[in-house]
Amino acid sequence: MRIPAWPVHTEREIELLRETLASPQWGGFNEIVAQFEREFAGFQHCAHGISAANGTLTLETALSALGIGPGDEVIVPAISFISTATAVSRVGALPVFVDIEPWTFNMDPERAAAAVTPRTKAILAVHFGGPLADMDRLTRLASERGLILIEDAAHAHGSEWNGRRAGSFGRAGSFSFQNSKVMTAGEGGILTTNDAEFAERAHCFSNQGRRKGEGFFHHYTLASNYRLTALQAAVLLAQLERLPEQIRLRERNERLLRAELAEVPGLRFQQPPKQVNVHSHYLLLGRIDRTRFGKTRDEFHRAITARGIPCTPFYPHPLYGNPLYQAGGCRVDPCPVAEETILDTFWFPHRVLMADEETIREIAVAVRSVARVTVPPAR
Ligand SMILES: Cc1ncc(COP(=O)(O)O)c(C=O)c1O
């Protein structure tokens, strides 16, 4: 299978890196970092960008800069990467896990509404795999109940809800540029916002308590150094230039693959609502109904990887199933959908959707054949 490698770079990354290496400033104070912050924030329809070393620190920065801490509750989806929940725990607040919707894989707004208590301060919604969580209902819920909406947009670079981009709905949007993401510098992260006051606080928090325009040795709050380097910003500027074209390629290939597999019984892909007019296609998520498909998710996963197609058998448990949260320090709403997805869901990484058309058709043939073949037992 000719599945492209990821990450990739072109001469553009090398050109920008060379320019940066020739400067005397390789760290976060190079103008290229501020340029990247402006360009990425603008791309996501936001006025401000605050970059950081990764997308875990950006979540922690957002919560801290919003004054969320001990005694507060933050509603998070039961399905996400661990940082969504640990960011809440690390600022001393309580993560409250709620269920996801079965076909969007995103936080169920009804479950979120039911989980609100007098202690709830914020909703931290994840745009899982790329499509935005229900921004109509979650923004309404947040404003009706006086809650802060934060978007964990680590998967959603370039994704849109009714023409408006991820990271521009909540008080803050948090993006990751870790190695597997659709834009990467190996590591990296950024917060986006349209709130100038929050931007100033987040910047201060990730820059040793400094205030913009004031002295280098003047520190106003207890903070730390979370800065992105100039070398990362150089790579990310080049990656941002190619992102729209890469999203179009993945969209085209996803449509083709779905069409090729539409008749396969018991195999169904993520169904973003119609308001999602663009999405990054970070992950192509699918669910397997073993009785109709003829194989379990694990049998499918083993057979498809044996055919050279990268595939991940979802998370082994909802977030609250990690030993960290089994020991306490959270509240868990019943999550029957999340519990089902960990048994029947898989994902293809976005590089699968960057293959040529012939390979996409070969992938479809492989998937159809798995639905019929006998799979050798796992070793
Ligand atoms: C949903 C989600 N949030 C946050 C993060 C954390 O980002 P980082 O790895 O850049 O710290 C990730 C993953 O990497 C993620 O998938």
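Take Gln25 and decide whether it is in a helix (DSSP H, G or I), among the polar types (S, T, N, Q), surrounded by fewer than 22 Cβ atoms within 10 Å (Cβ to Cβ) and over 21 Å from the mean Cα position of the chain (by Cα).
In short, no.
Sort through Leu231, Leu261 and tell me the only one that's more than 24 Å from the chain's Cα centre (by Cα) and of a type in the set (A, V, I, L, M).
Going through Leu231, Leu261 in turn, the sole match is Leu261.
Going by the structure shown, is Glu144 more than 16 Å from the ligand (Cβ to nearest atom), acidic (Asp, Glu) and part of a loop (DSSP other than H, G, I, E, B)?
Considered against the rule, which asks whether it is more than 16 Å from the ligand (Cβ to nearest atom), acidic (Asp, Glu) and part of a loop (DSSP other than H, G, I, E, B), Glu144 comes out as no.
Confirm whether Pro244 is surrounded by fewer than 22 Cβ atoms within 10 Å (Cβ to Cβ) and in a helix (DSSP H, G or I).
yes
Just to be sure before I move on: is Arg252 more than 30 Å from Ala371 (Cα to Cα), open to solvent by 10 Å² or more (accessible area, probe 1.4 Å) and more than 17 Å from the chain's Cα centre (by Cα) in the structure I sent?
For Arg252, the condition - more than 30 Å from Ala371 (Cα to Cα), open to solvent by 10 Å² or more (accessible area, probe 1.4 Å) and more than 17 Å from the chain's Cα centre (by Cα) - is not met.
For Phe346, state whether it is under 23 Å from the mean Cα position of the chain (by Cα) and either modelled with pLDDT of 95 or more or buried (at least 21 other Cβ atoms within 10 Å of the Cβ) (or both).
For Phe346, the condition - under 23 Å from the mean Cα position of the chain (by Cα) and either modelled with pLDDT of 95 or more or buried (at least 21 other Cβ atoms within 10 Å of the Cβ) (or both) - is met.
In this structure, does Arg12 turn out to be of a type in the set (D, E, K, R), part of a helix (DSSP H, G or I) and free of Cβ contacts under 8 Å to residues at least 12 places away in the same chain?
no
Quick check on Phe97: is it among the hydrophobic types (A, V, I, L, M, F, W, C) and either in contact with a strand residue (DSSP E or B) (Cβ under 6 Å, 6 or more places away or on another chain) or not in a loop (DSSP other than H, G, I, E, B) (or both)?
Judged against the criteria, Phe97 is a match.
Could you say whether any residue in the range 31-45 is at pLDDT 95 or above, of a type in the set (Phe, Trp, Tyr) and either within 16 Å of the ligand (Cβ to nearest atom) or closer than 24 Å to Val88 by Cα (or both)?
Yes.
In the range 275-309, how many are surrounded by fewer than 15 Cβ atoms within 10 Å (Cβ to Cβ) and within 17 Å of Arg165 (Cβ to Cβ)?
1
Look at the range 92-108 and say how many of its residues are farther than 16 Å from Tyr325 by Cβ and surrounded by 21 or more Cβ atoms within 10 Å (Cβ to Cβ).
Matching residues across the range 92-108 total 6.
Could you tell me which of the residues Ala133, Ala172, Ala153, Ala112 is more than 16 Å from the ligand (Cβ to nearest atom) and open to solvent by less than 10 Å² (accessible area, probe 1.4 Å)?
Sole residue among the options that is more than 16 Å from the ligand (Cβ to nearest atom) and open to solvent by less than 10 Å² (accessible area, probe 1.4 Å): Ala112.
What's the number of the only condition in (1) touching a residue at least 12 places away in the same chain (Cβ under 8 Å); (2) open to solvent by less than 40 Å² (accessible area, probe 1.4 Å); (3) outside any helix (DSSP H, G or I) that Pro272 fails to meet?
Evaluating Pro272 over (1) touching a residue at least 12 places away in the same chain (Cβ under 8 Å); (2) open to solvent by less than 40 Å² (accessible area, probe 1.4 Å); (3) outside any helix (DSSP H, G or I) leaves (2) as the failure.
Being in contact with a His (Cβ under 8 Å, 6 or more places away or on another chain) and free of Cβ contacts under 8 Å to residues at least 40 places away in the same chain is the filter; apply it to the range 178-224 and report the residue that is least open to solvent (accessible area, probe 1.4 Å).
Per the criteria, the residue is Gly209.
Checking Gly286 against (1) within 20 Å of Arg255 (Cα to Cα); (2) over 22 Å from the mean Cα position of the chain (by Cα), only one condition comes out false. Which one?
(2) is the only condition that Gly286 fails.
Might you check whether a residue that is part of a loop (DSSP other than H, G, I, E, B) and more than 16 Å from the ligand (Cβ to nearest atom) occurs anywhere in the range 191-206?
yes
Identify the residue in the range 52-86 that is hydrophobic (A, V, I, L, M, F, W, C), outside any strand (DSSP E or B) and more than 15 Å from the chain's Cα centre (by Cα) and, among all such residues, is nearest to the ligand (Cβ to nearest atom).
Ala53
Of these, Ala364, Ala306, Ala355, Ala327, which one is touching an Asp or Glu at 6+ places or on another chain (Cβ under 6 Å) and over 20 Å from Ala125 (Cβ atoms)?
Ala364
The values are calculated or read from the model by the stated rules, or taken from the named source; none is laboratory data. What you see is a predicted model, and the numbers here were worked out from it, not measured in a lab. Here Cβ is always computed from backbone atoms with ideal geometry, including for glycine, and neighbour counts include all displayed protein chains. Only protein heavy atoms, including side chains, enter the accessible area calculation; ligands, DNA and RNA are left aside. Shrake-Rupley method; radii C 1.70, N 1.55, O 1.52, S 1.80 Å.
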